[in-house]
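Quick notes on the structure that follows.
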Amino acid sequence: MHPINSTTRTIIFCVMAPAILLAGCGESTPPEPELSFEERLQEQLIQAQPGDVIEVPAGIHEITRGLSLTVDGVTLRGAGMDSSILSFRNQSQGAEGLLVSADNFVIENIAIEDTIGDALKINNSNNVTIRNVRTEWTNGADTNNGAYGIYPVQSSNILIEGSVAIGASDAGIYVGQSNQIIVRNSRAEYNVAGIEIENSTFADVYNNIATNNTGGILVFDLPNLPVQGGRNTRVFDNQISNNNTANFAPEGNIVGTVPAGTGLMILANDNIEVFGNDFVDNNSANVMIVSYHITGLAVDDANYDPFPEAIHIHDNRFSGGGSQPDSEPLQALQQAIGQNIPDVVWDGTIVPGKSASEVLCLREAIVSFVNLDAMNGFAAPSFDLSAHDCSMPALESISLSATND
């Protein structure tokens, strides 16, 4: 009888024990490759369940494809807007950074940088909280930047607070075609429009800083959109200063018509109350109230009202401004009067049958004013305030659902 040597013993063992063979005979299953942060985050967003909290740790996280969420009741939370950064500087896919179509959504303590298109878009959502979020294009004011930073649209019950928006080629903080809105305690800087409320109803915009934009705060109503009839916005207790950045909107954008140096512009919107704000050194004009006709664009929407009405401006503070207007009518006016453009500029357009006091009531301790007489080709600007010495009922404050207010 021949003894079994070690080689023979190994062969017999591997033949008789195929399960052990896989583990010990040189043919083990390779481990699964570790997912990248981007892959893990997208997987979490896709597989999320209502009530989930998705944490984004501190660090700069490179994202190359647009992210999306369609599950209700999810919170996306970072460690701070200057700590947890989603960087899209090498983005190769997707039209947005993060696109959300979900109710009861919260995003907080996070930054989204350098997206190809919009940074954070919220679409058709109810009960949205955007808290301590920063959106930024880090190369500064550039026509090639994405259009919108923080961008809820066709949504309701929206709270934006403690947030920062920098470098958008359209609007830094924009709420469009929505209702029941609060934008507060936030900062918009080096955007074309700092904060914009467009074709929306029932909004409070307060305790914000809008500085170094082309236009600080815009309240617009535009034609040819599914939702029209913008109204009932309060703009109060904001600091609106030095919004003198040259307009860098891509050609053809409506905000491309906003003169550099605009503090607040109200365009074709109704029932607006403006009070308690500090307007400082906005070089075209601190406040402008204009109809859509001032853009020079044709109105081809039969359902659209291009005229502003029921604008109530009171108890604000004005300092400087109007020294370097970026608008042909304003430049001509400055040349004619040899002075800075007045604090409050109204283009003078009126709905047929309405009076000047139905368009604008102006109650300020110290204010300068001009009616540009745009309806007559700017032929006879007037500085007479008497027709606007009136007041209107205060608008009610906005109260959101307990979910996010």
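The values are calculated or read from the model by the stated rules, or taken from the named source; none is laboratory data. Everything numeric here is computed off the predicted structure, so don't read it as measured data. All Cβ positions, glycine included, derive from the backbone under ideal geometry; neighbour counts span all protein chains shown.
Look at residue 400 and say whether it is of a type in the set (A, V, I, L, M, F, W, C), over 18 Å from residue 307 (Cβ atoms) and crowded, with 16+ Cβ neighbours inside 10 Å.
yes
Can residue 142 be described as touching a residue at least 24 places away in the same chain (Cβ under 8 Å) and among the acidic types (Asp, Glu)?
So residue 142 fits the description; yes.
Among the candidates 319, 327, single out the residue that is more than 19 Å from residue 198 (Cα to Cα) and touching a strand residue (DSSP E or B) at 6+ places or on another chain (Cβ under 8 Å). Reasoning before the result, please.
Details: 327 fails: touching a strand residue (DSSP E or B) at 6+ places or on another chain (Cβ under 8 Å).
Of the residues listed, the single one that is more than 19 Å from residue 198 (Cα to Cα) and touching a strand residue (DSSP E or B) at 6+ places or on another chain (Cβ under 8 Å) is 319.
If I filter the stretch 298-330 down to residues being in a loop (DSSP other than H, G, I, E, B) and free of Cβ contacts under 8 Å to residues at least 12 places away in the same chain, which single residue comes out as surrounded by the fewest Cβ atoms within 10 Å (Cβ to Cβ)?
The residue in question is 302.
Does any residue of the stretch 48-60 turn out to be small (Gly, Ala, Ser), assigned to a strand (DSSP E or B) and at pLDDT 65 or above?
Taking every residue of the stretch 48-60 in turn, at least one turns out to be small (Gly, Ala, Ser), assigned to a strand (DSSP E or B) and at pLDDT 65 or above.
Could you list, in sequence order, the residues of the stretch 160-175 that are surrounded by fewer than 24 Cβ atoms within 10 Å (Cβ to Cβ), touching a residue at least 40 places away in the same chain (Cβ under 8 Å) and assigned to a strand (DSSP E or B)?
164 - this is the single residue of the stretch 160-175 that is surrounded by fewer than 24 Cβ atoms within 10 Å (Cβ to Cβ), touching a residue at least 40 places away in the same chain (Cβ under 8 Å) and assigned to a strand (DSSP E or B).
Only residues that are of a type outside the set (Lys, Arg), crowded, with 16+ Cβ neighbours inside 10 Å and not in a loop (DSSP other than H, G, I, E, B): list them for the stretch 61-92, please.
Correct list: 61, 66, 67, 68, 69, 75, 76, 78, 84, 85, 86, 87.
May I ask you to list the residues in the stretch 212-237 that are part of a loop (DSSP other than H, G, I, E, B) and within 21 Å of residue 124 (Cβ to Cβ)?
221, 222, 224, 225, 226, 227, 228, 229, 230
Just to verify a result, which residue in the stretch 332-350, among those that are surrounded by 14 or more Cβ atoms within 10 Å (Cβ to Cβ) and of a type in the set (Gly, Ala, Ser), is nearest to the chain's Cα centre (by Cα)?
At the first step, the residues of the stretch 332-350 found to be surrounded by 14 or more Cβ atoms within 10 Å (Cβ to Cβ) are 332-334, 340-350.
Okay, now just the ones that are also of a type in the set (Gly, Ala, Ser), so 332, 348.
Values: 332: 33, 348: 29 Å.
Filtering first and then ranking leaves 348.
Could you please find all residues in the stretch 221-244 being surrounded by fewer than 24 Cβ atoms within 10 Å (Cβ to Cβ) and of a type in the set (A, V, I, L, M, F, W, C)?
Selection gives 222, 225, 227, 236.
Scan the stretch 93-127 for residues that are assigned to a loop (DSSP other than H, G, I, E, B), surrounded by fewer than 23 Cβ atoms within 10 Å (Cβ to Cβ) and β-branched (Val, Ile, Thr) and jot them down.
Matches in the stretch 93-127: 116 only.
Inside the stretch 146-159, can you point out the residues that are more than 11 Å from the chain's Cα centre (by Cα) and in a strand (DSSP E or B)?
156, 157, 158, 159
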